[in-house]
Structure formats: C-alpha cells, structure tokens
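Peer 1: The structure's right below; bear with me while I get my questions together.
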Amino acid sequence: INNCNVILRAVMEKCGDADDCISTSEAAELAAALKEKDINNLPLPGQVDFINGGPPCQGFSGMNRFNQSTWSKVQCEMILAFLSFADYFRPKYFLLENVRNFVSFNKGQTFRLTLASLLEMGYQVRFGILEAGAFGVSQSRKRAFIWAASPEEILPEWPEPMHVFAAPE
C-alpha cells in the first residue's frame, strides 16, 4: 500500500469511522479492494506512539521554479493528509521535517495552519530550523522541524549539535 489516503481510509473503515472520513472516490475504492490480511496489519488508534515524516517538499522549495503549478499545489496539500494521521491516531509524539522555506511559503499560512492544527489537537509544539550537517548528515542544508508531544508526555529539547559549520562568506 503506497497511498497514505487509502491507508487512512482503510483504517477508518475498519474502526467504523468511515462516515467521518472525507476521501476521493478513488481512495475509497482502493481501500475497499485491499486484502483483509493487509487491513488487519494496519495499526489502530492508540497503537501508534510516533509519527515521523516529511511530506513532499517540492512545492515549498524555493528551488522549484514551478511551485505554483497544479502538481506542486497537490504536493503542498499532502501536509493535510499528514496532519490527518496525527489527528486520527493521536500518537504520543509527532515529528515533521521539511525544507526551510516551508515556514515562509504562502506567506506562512501553511506553517501557521500546521502549528494551529497540532495545538488544536492538544499537542505541545516546538519549532526549529536546524542545520542538517550539525547533526552528522554529510551535507550543509537547513531544514524546518516541528516536534510535538501529547499533553501527558515530555516534549524533548532539540539535540545538541555535534558539528559546527562556518557561516558562508
């Protein structure tokens, strides 16, 4: 199964929440066609402790000269599917990673919507722009991170950088 909307639809149907699921007819058909074995292997709400991911970043990237194209806009909307997983499964921890421009894209509206959605779900939220190379990645690029924890958990601090990068001249 390689479509997050189909997976969420299948889990919601399995739990009797199909009426609360808004999906395309294609996602509904694909979810209905899944083998029972595959559906039974999907986690249920309360069984997911951590959701980590980076929704497609091409639409948010300043390097994408076509970020106003229809495809880029669809890619940007995947953040909503990602948040839907957090809303339905209510994991203890949630970590989102994306390009630095995610914060300022669309005048910051997508970023603010993401933070507001997590806060509305009751999560504690921390945001940061971290230099990937400072944490052992063999490249120098800044990434946006949103770290969230449910109210009964401790929201961890960012890790201490392991490497130092000189500012470009």
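Peer 1: Wrap a convex hull around the Cα atoms of the range 1-42, take a quarter of its surface area, and give that in square nanometres.
Peer 2: Working: hull surface 10.3 nm².
About 2.6 nm², averaged over all directions.
Peer 1: Taking amide H atoms as placed 1.01 Å from N in the peptide plane, list the residues 5 or more away in sequence, or in a different chain, whose amide H sits under 5 Å from that of Gly54.
Peer 2: Under 5 Å from the amide H of Gly54: Glu97.
Peer 1: Same structure again: Give me a comma-separated list of calculated 3J(HN,Hα) values for the range 13-29, in order, Karplus coefficients 6.51, -1.76, 1.60 applied at θ = phi - 60°, integers in Hz, x for any Gly or Pro.
Peer 2: 5, 4, 8, x, 10, 4, 5, 8, 9, 9, 8, 6, 5, 5, 5, 5, 5
Peer 1: Under a cut-off of 23 Å between alpha-carbon atoms, report the lysines in cross-link reach of Lys142, not counting same-chain residues fewer than 8 places apart.
Peer 2: Lys73, Lys107
Peer 1: With θ set to phi - 60° and the Karplus curve 6.51 cos²θ - 1.76 cosθ + 1.60, what are the ³J(HN,Hα) couplings of the range 102-108 in order, to the nearest whole Hz, using x for Gly and Pro?
Peer 2: 3, 5, 9, 4, 6, 6, x
Peer 1: 7 Å from Cα along Cα→Cβ at both Ile22 and Lys107: what's the point-to-point distance in nm?
Peer 2: If labels sit at Ile22 and Lys107, their model points lie 2.3 nm apart.
Peer 1: Sort Asp49, Asp20, Asp87 so that the residue with the fewest other Cβ atoms within 10 Å of its own Cβ comes first and the one with the most comes last.
Peer 2: So the ranking, lowest neighbour count to highest, is Asp20, Asp49, Asp87.
Peer 1: Given 0.36 nm per residue, what is the gain on full extension from Ser140 to Asp49 after removing their alpha carbon distance, in nm? Spell out each step's value before the answer.
Peer 2: Numbers: separation 91, 0.36 × 91 = 32.76 nm, distance 3.05 nm.
Value of the extension gain: 29.7 nm.
Peer 1: Then there's this: Can you give me the pair-distance distribution of the range 84-169, C-alpha pairs, 10 Å bins, whole percents?
Peer 2: Going out from 0 Å in 10 Å bins, the range 84-169 shows 16, 42, 32, 9, 1 percent.
Peer 1: Output ³J(HN,Hα) for the range 144-154: one whole-Hz value per residue in order, computed from phi by the Karplus curve 6.51 cos²θ - 1.76 cosθ + 1.60 with θ = phi - 60°, and x for Gly and Pro.
Peer 2: 8, 10, 10, 10, 9, 9, 5, x, 7, 9, 8
Peer 1: Which lysines does Lys92 reach when only Cα atoms under 23 Å apart count, and residues fewer than 8 places away in its own chain are ignored?
Peer 2: Cα-Cα hits under 23 Å: Lys14.
All of the numbers you see were taken from the coordinates with simple rules; none came from a lab. None of the values given here were measured: they were computed from a predicted structure. Every residue, glycine as well, gets a Cβ built from its backbone with ideal geometry; the counts of neighbours run over all protein chains shown.
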